[in-house]
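The values are calculated or read from the model by the stated rules, or taken from the named source; none is laboratory data. Computed from a predicted model, the values in this text were never measured in an experiment. Surface accessibility is based on the protein's heavy atoms, side chains included, excluding ligands, DNA and RNA. Shrake-Rupley method; radii C 1.70, N 1.55, O 1.52, S 1.80 Å.
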Amino acid sequence: MDLSSVIAEKMVFGGSCLAKIDNKNVFIPFAVPGEKLEIEITKSYRDYDEARVKALLESSPKRVQPACPLYQKCGGCNMMHIDYDYQVELKTRILEELMERAGVSVPKIQTVLGSPLSYRSRFQLRDGGMEGRGTNDLVPINECPVAVAQINEWLKNCPMQERPKGRGILFGHKKAQPELSLALEREARGELKAYKKMSAKEKKKHGKKRPMGRFEGISQNEQCPVQIELCGKKIMFDAQGFFQSNIEVLEKTIPLVTQGLSGKNALDLYSGAGTFSVFLADVFENVVMVEHNRGALVFAEQNMAGKAHESYGISGADFVKKNVQSLVERIGNFDAVVVDPPRSGMEKEALDWLRSSGVPVIKYLSCNPSTQARDIKALADSGYKIADIRLLDFYPQTSHIESLLTCVLA
């Protein structure tokens with residue numbers, strides 16, 4: 001076993017600390033910048049290595065005792081060994097560096113924070129437990145320090161042997177109805193996911209029609225609908241689909257999305273269940289929602305009932321290619337666009353249209369600051385100025401970074 005002594009120089013996107021051995025980059029999880037460490041290389045590549053900490057030779061004063069006995073075993077948190085205020089500082093530096101690396105000039109980053117523990121409302125379980133870190137091992141769990149009380153109550157009172165097998169989603173919150181939901185992955189959905197992973201040859205050999213998705217007909221799974229109160233409004237969503245896990249930070253983010261906006265037309269691109277559209281409808285005469293997941297639009301339509309809106313159950317790219325020109329000719333240009341894309345960022349077609357759209361204000365939310373920086377650079381090159389940038393700490397104790405940028409046409 002070859003051991004090396006290194007100094008952790010800084011934290012990088014993803015939560016590992018960077019060090020160097022013979023001028024080669026080494027990435028070390030569960031370290032703290034400034035620490036002197038004894039490490040062991042676990043994987044070696046041409047341009048970099050990955051390592052694990054074998055011993056703390058000089059510990060950082062920012063290192064703390066993790067609040068969870070399963071820390072580093074469970075595949076969830078990866079910054080619980082760091083003082084929370086310093087976690088926020090590190091994430092802010094990373095966000096700033098990613099923007100600078102992309103050539104984007106941003107103002108001082110402001111932070112939107114909530115409770116560092118007892119915040120998480122949504123859990124994905126496998127056979128009643130959690131996935132192990134970097135493994136397929138099942139980690140039994142009876143309590144989680146980052147979970148809300150409703151989820152911890154279920155974990156405490158439902159023994160592992162009595163929990164349902166397969167994959168399921170737990171969603172709980174005091175503002176939700178019901179306060180706790182357990183949505184199990186239906187067999188048909190599992191079949192669809194397996195089918196999508198098949199090659200063309202495997203699909204032909206499979207000899208069956210493509211399984212239907214959960215919302216490709218008109219029925220809903222009764223396990224899935226959840227209603228939650230956000231900033232005084234009731235929002236319906238699918239527990240098995242994506243919904244923000246940190247309700248406290250979400251309620252602080254919603255006003256920032258609509259802040260300073262008003263006019264005739266707003267576009268909510270990648271709208272999901274219409275969470276932001278519901279609030280945009282208070283300050284715009286008409287809201288247009290675009291969301292490729294038609295299951296999410298089932299709920300978006302319910303949430304927007306009685307409000308002037310249009311919806312398109314297609315991708316952003318297809319919306320731009322097939323609909324946006326005729327739509328703008330019919331209703332006029334958009335006064336503001338809210339963008340909340342997946343981790344891959346905006347589709348090229350959507351970004352190219354937005355760059356030449358002349359929309360005066362763009363609010364860009366992201367769960368991946370790397371792809372957001374790429375897209376913001378393109379917008380900046382097209383005449384947009386970054387007026388405001390916020391770090392949204394939806395997932396304390398993890399390296400996950402979400403951010404909100406306000407772009408105005410200069």
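General remarks:
- Exposure rank, largest accessible area first [Ser262, Ser4; 1.4 Å]: Ser262, Ser4
- Exposure check, 1.4 Å probe, all protein chains in place: Lys165 carries approximately 150 Å² of accessible surface.
- Semi-axis lengths, largest first, of the ellipsoid equivalent to the range 1-151 are 27, 22, 15 Å, with √(5λ) applied to each eigenvalue of the Cα gyration tensor.
- Where both bridge residues fall in the range 271-409, DSSP classifies roughly 65% of the beta bridges as antiparallel.
- Ordering Glu40, Glu100 by accessible surface, largest first, gives Glu100, Glu40; the 1.4 Å probe counts only protein heavy atoms, with every chain in place.
- 1.4 Å probe accessible area per residue over the chain, in Å²: 48 Å²
- Non-local Lys pairs in the range 234-365, i.e. 8 or more apart or on different chains, that have alpha carbons under 26 Å apart: 18
- The range 342-410: projected area of the alpha-carbon convex hull, averaged over directions, in nm²: 4.3 nm²
- What a 1.4 Å probe finds exposed on the range 344-394 is 50% carbon and sulfur by accessible area, rounded to a whole percent.
- Solvent-accessible area assigned to carbon and sulfur over the range 1-62 amounts to 45 percent, based on a 1.4 Å probe.
- Projected area, mean over directions - the range 223-286, Cα convex hull, nm²: 4.5 nm²
- Taking the protein heavy atoms of the range 222-324 in the context of the full set of protein chains, the accessible area attributed to carbon and sulfur is 47 percent at 1.4 Å.
- When the range 263-343 is reduced to its Cα atoms, the Kirkwood hydrodynamic radius in Å: 12.3 Å
- Mean projected area (nm²) of the alpha-carbon convex hull when the range 1-68 is viewed from all directions: 5.0 nm²
- For the range 32-127, the number of Lys pairs separated by eight or more positions or lying on different chains, with C-alpha atoms closer than 28 Å, is 16.
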